[in-house]
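> Mind looking over this structure? Questions follow.
The values are calculated or read from the model by the stated rules, or taken from the named source; none is laboratory data. This structure is a prediction, so every number in the text was calculated from the model and none was measured. Side chains included, ligands, DNA and RNA excluded: accessible areas come from the protein's heavy atoms. Shrake-Rupley method; radii C 1.70, N 1.55, O 1.52, S 1.80 Å.
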Amino acid sequence: MSGRPLDVLEASLNEPVTVHLKDGDAYYGVLAGYDQHMNVVLEEALDDEAVPGDIELRQVEDTTIIRGDNVVTIKA
Amino acid sequence: MSGRPLDVLEASLNEPVTVHLKDGDAYYGVLAGYDQHMNVVLEEALDDEAVPGDIELRQVEDTTIIRGDNVVTIKA
Amino acid sequence: MSGRPLDVLEASLNEPVTVHLKDGDAYYGVLAGYDQHMNVVLEEALDDEAVPGDIELRQVEDTTIIRGDNVVTIKA
Amino acid sequence: MSGRPLDVLEASLNEPVTVHLKDGDAYYGVLAGYDQHMNVVLEEALDDEAVPGDIELRQVEDTTIIRGDNVVTIKA
Amino acid sequence: MSGRPLDVLEASLNEPVTVHLKDGDAYYGVLAGYDQHMNVVLEEALDDEAVPGDIELRQVEDTTIIRGDNVVTIKA
Amino acid sequence: MSGRPLDVLEASLNEPVTVHLKDGDAYYGVLAGYDQHMNVVLEEALDDEAVPGDIELRQVEDTTIIRGDNVVTIKA
Amino acid sequence: MSGRPLDVLEASLNEPVTVHLKDGDAYYGVLAGYDQHMNVVLEEALDDEAVPGDIELRQVEDTTIIRGDNVVTIKA
C-alpha cells in the first residue's frame, strides 16, 4: 500500500482508516471518498471489533465529510 | 451516499446536515447550496423533531452562509 | 434565497445581513458588494429598528470592507 | 461608495481610511494604493482634525505598506 | 543527498526519515511516497535498532499519510 | 512614494525600511530586494544614526531574507 | 549578495545560513537546496567554529528539509 499520498488513499477506498485532526480528535471509519485536497468521506465501519482501542477515537456513525485542512495523519 | 466529498454534498442538497466548525460551534440545517471551497448555505430545517440532541448545536433560523475554511466536518 | 454561496450573496445585495467573524465580532449592515473571496462591503442600515437584539453586534456606520478570510458566517 | 470591495478601495484612493488588523491594531491614513490581495499603502493624513477619537488608533506618519492578510476591516 | 527539497525526498524513498510536525510530534518510518505539497507516506521501519533515541518519537506501525502543511522538518 | 504596494517597495530599493512582523519583532535595514509575495531582503544600514529609537527594533547585521507571510507592515 | 529573495538563496548555495522558524527554533547549516516556496535543505556545516553563539541554535547534523511556511528569516 505504498506510493504517493493520493495513491494510498485510492488503495484504501472501502477500507477502514483512522484520521487524526489538528484539534486532537480522531475519526475511525471506512474511507468512502477523497479528493486532491485530502478532503475525505468516512462511513460507519460495519465490523465493530475492528475499532482500535484508542479511547479518544470517534467511530463514525454517519456519512462524514472531513475538510482536508484539518487533517494531520491518515492511517490506512 | 458515498463518493467524493463534493459528490456527497451534491447528494445531500435539500437534506438536513450538521456542520462542525473549528471554533467548536455546530450548525444544523438543510443544505441549500455549496461550492468547491466547501462554503455551504444552510436553511432552517422545518421538522424540528429531526434536530439531534447535541446541546451545543445551533439550529439555523435564517439562510446562513458558512465560509468553508471554518469547517471541520459535515455530517449528512 | 437558496443556492450556491455566491448566489445567496448576489440575492442579498442591498439587503441587511449579519456577518460573524473569527475574532467573535459581528457586523450588521446592508450588503453593498462582495467578491469571490467572500470579501464583503457593508453600509449603514437606514432602518434602525431592523437591528437584531444581539448585544455584541456592531452596526456599521460607514462603508466597511470586511476581508473574507475573517468571515465565519453571513446570515441573510 | 458602494460596490465590490476593490471598487470601494479604488473610490477611496487619496481619501482617509481606517484599517483594523487581526492583532487588534488600527491604522489611520490616506489610502495611497492597494492591490488585489488587499495589501494597502497608507500615507500621513494632513488634516489632523480628521483623526477619529479611537485611542488605539495609530495615525500613519510614514508611507506604510500593510500586508493584506492582516486586515480585518477597511472603513472608508 | 543534497539538492532541491523534492529531490531530497526522491532520493530518500525507501529510506528511514524523521518527520517533525508543528504540534510537536515526530514520526519515524520508511518514506514510501510524497507529493509536491510535502504530503508524505511513511511505513513501518523493519530494523527497530535504527530508531533514534528521541523519547517523543512515534515509530510508524502502519501506512501513515502525513498532510504536508503539518510538517516542520524532514530529516533524511 | 505613493502607489501600489509593490511600486512602493520598488521605489524603496536601497533605502532604509522598517519591517514589523506578526511575532512582534521589527527589523530595520536597507531594502535590497523583494518579490510579489512581499518576501523581502534587508541588508545592514551603514548610517547607524538613522536607526529609529524603537527599543524592540532589530537592526539587520547580515543579509536577511524575511518570508512575506510574517510581515504586518513595511514602513518606507 | 543583494537582490530578490530567491536570488539571495541561489547565491547562498553551499554557504552556511541560519534559518529562524515561527516556533522559535533556529537551524544552522550549509544551504544545499531550496525551491520557490522557500522550502530549504540544510546539511551539516563542516567547520564547527563557524557556529554563531546563539544558545538556542540547532546545528544541523543530517540532511534536513525545512518546509518553507515555517520560516521567519534566513540569514546568509
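> Please compute, over every Cα-Cα pair in region G:5-75, the percentage with a separation greater than 22 angstrom. Walk me through the numbers before you get to the answer.
Working: 279 of 2485 pairs.
Summing the P(r) of region G:5-75 above 22 Å gives 11 percent of all pairs.
> Let me ask something else. Count the DSSP beta bridges whose two residues both fall in region C:5-75, then state the antiparallel fraction as a percent rounded to the nearest 5.
Taking every DSSP beta bridge within region C:5-75, about 85 percent pair in antiparallel fashion.
> Nearest 100 Å² is fine: how much accessible area is buried between B and A, summed over both sides, with a 1.4 Å probe? Let's see the in-between values first.
Details: alone 4990 and 4990 Å², together 8430 Å².
In total, this chain pair buries about 1500 Å².
> May I ask you to list the lysines whose Cα is less than 20 Å away from that of A:Lys75, ignoring any residue fewer than eight positions away on the same chain?
A:Lys22, E:Lys22
> Same structure again: Leaving out ligands and nucleic acids, and using a 1.4 Å probe, what accessible area per residue does region C:5-75 come to in Å²? Let's see the in-between values first.
Values: 3090 Å² over 71 residues.
Spelled out: the 1.4 Å probe surface of region C:5-75, per residue, equals 43 Å².
> What residues qualify as long-range amide H neighbours of D:Arg58, i.e. H under 5 Å apart, gap of 5 or more or another chain, H built at 1.01 Å from N?
Those qualifying (amide H under 5 Å, at least 5 residues apart or on another chain) are D:Ala26, D:Tyr27, D:Tyr28.
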